[in-house]
Ligand code: ATP
Ligand code: MG
């Protein structure tokens, strides 16, 4: 059926919506693909629904190709399974919760590990049943702290989530690799530029995890990548390179060679930058924040811990929490400092912490033998030449300092580059967290019971649409790749003579040839019709206008802007190849 703009439920807007900050949000609203209902909650209008379905069809085809079986679970879920996995508590305020008329607790599913595990447990009991991959394309709910950027971060959004159930780790690795390849094919077909980066597993539990990131200025994720292609990681997961020579000081045996630790009077300058400035102006030195050692006091399950990172860096909170999980990490607050006068706020240093009953965790960048300026544990005093291993000893090493552009690649040492990106997919090796909590075991060949191991894999179906828009739109509007465009050809009739009837005929013939057509039969001025065609972003625009007197139509490529004249008689043959093969 030809889609006619005269009756299509569509109103394009000339103005950007007031709440939109990023291009995809502005354009998807202006071009009539989505409409806002509430913060992070959108309706899909006809053009948007077509794109959503096209993306879902590609995801479905590639999941089927790796043997995934589609199911559909409810979004409204009872509390108990989430209680058994503890996510009822761990998920925190992001989980939408509600009660039924009897006062029983429910949630709106943020992901479905628990329910899928229980589903499999209900049906399967033998090793012969595995491996198994189940997936669904479904609406998810998360009460995001900052729902913004339109459908990039919705509170209601569409996700493809799949779950693999495997007998052992080697089998799990195969399912993971299958998903990794399927995701690459999905994002290739969507026309996305993307990177696969190392990711943090976070609250999901589990070990290996990678994200698929679509570079875009509007993205909320930051990743580092090596210009040689050796390494790429979300900053949350970026590994430190082995300590640089600078950290190990100039001499072969810095511990023996460094001058003795020395007290510095630094009145009223508790901050790193203030100390650096104070010391440089007094001694004419060229010290930088990187020469300072930050000593950050935290509580780990209530017990005091000093975390050490170079002064030009911070502790990456999520990474630190992940390193210590399941322990609960909190920063020292007013009351903690008040209770511990021996831990001087702004002047803390690692020396003598053991005697104070404080554990010291040093970032890997604080290499043995490196010398630092740090707090003296006395108000208004710092020390210099505090040498790791000589003047203080760490109880443990952690990789928790923030990475910075120019840091060496952990594989080859080249300076890392920073980029912004949108996370479009995420694959996890989950392990046995959920199968243990919910007791999913199968009997082996010898009759013994084995706890199943799992993987979980997500694609942001709705978010991917915004990512494509971010990467392909131009000043005039959206610019869809053929694979997901709401139509293959946008036929625009301009003129009141033969043109409307000729456009109708052409549209009907194209449809008959398998090309999906959006027909602008509104009879509006050329300026308005062309502006709308550019805004809507169908890849090929055919103008049935003035040139019709010569028996020709104009064919415009939306992306390049190239125009050429084609005899009307040849148009169907020429255009029948522009559609996405196999979509219909
Ligand atoms: P983010 O870090 O962006 O919050 P996440 O790590 O919470 O993402 P997952 O739980 O791994 O995301 O979900 C799988 C996929 O679902 C993500 O890769 C992303 O593409 C998509 N997604 C997650 N949250 C949202 C959201 N609020 N709106 C739209 N898509 C989302
Ligand atoms: Mg999230």
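Nearest 500 deg cm²/dmol is fine: what mean residue ellipticity at 222 nm does the chain get from its DSSP H runs of n ≥ 4 alone, each adding -39,500 (n - 2.57), divided by its residue count?
Values: 15 runs with 150 residues, N = 584.
Roughly -7500 deg cm²/dmol at 222 nm, from the helical runs in the chain.
The radius of gyration of the Cα set in the chain, together with its Dmax, comes out at 29.8, 95 angstrom.
Against the compact-protein benchmark of 2.2 N^0.38 Å, the Cα-based radius of gyration of segment 159-237 scales to 1.19. Give me log10 I(q)/I(0) at q = 0.11, 0.15 Å⁻¹ for segment 432-565, Debye formula, one equal scatterer per alpha-carbon, no solvent. Result of the Debye calculation: -0.51, -0.75. Using alpha carbons only, the radius of gyration of segment 254-398 set against its Kirkwood radius gives Rg/Rh = 0.95. Dividing the Cα radius of gyration of segment 385-470 by its Kirkwood radius returns 1.19 for Rg/Rh.
Counting neighbouring beta carbons within 10 Å and listing from fewest to most, the residues 538, 515 come out as 515, 538.
How big is the Kirkwood radius of segment 79-190, worked out from every pair of different alpha carbons and given in Å to one decimal? This gives a value of 16.3 Å. Converting the Cα gyration tensor eigenvalues of segment 55-109 into ellipsoid dimensions via √(5λ) gives semi-axes, longest first, of 30, 13, 11 Å.
Which angle from 0 to 90°, rounded to the nearest 10, does the C-alpha axis of helix 46-65 make with the longest principal axis of the chain? It works out to around 70 degrees.
Report, to the nearest 10°, how far helix 499-512 tilts away from the longest principal axis of the Cα atoms in the chain, using its own Cα long axis and a range of 0 to 90°. With both axes taken from Cα atoms, the answer is about 70 degrees. When you restrict to C-alpha pairs under 8 Å that are six or more residues apart and normalise by the size of the chain, the relative contact order lands at 18 percent.
Based on every Cα atom in segment 487-575, Rg and the maximum pairwise Cα distance Dmax equal 11.5, 30 Å.
Only bridges with both residues in segment 487-575 count here: give the DSSP antiparallel percent, nearest 5.
50
Sorted fewest first by neighbouring Cβ atoms within 10 angstrom, 15, 277, 423 come out as 15, 277, 423.
Hey, what angle do you get for helix 461-472 against the long axis of the chain, alpha-carbon based, 0 to 90 degrees rounded to 10? The answer is roughly 80 degrees.
Rule-based calculations on the coordinates, nothing more; no lab input. Small disclaimer: the values here were computed from a predicted structure and weren't measured. Using ideal geometry, Cβ is built from the backbone for each residue, glycine included, and neighbour counts are taken over all protein chains shown.
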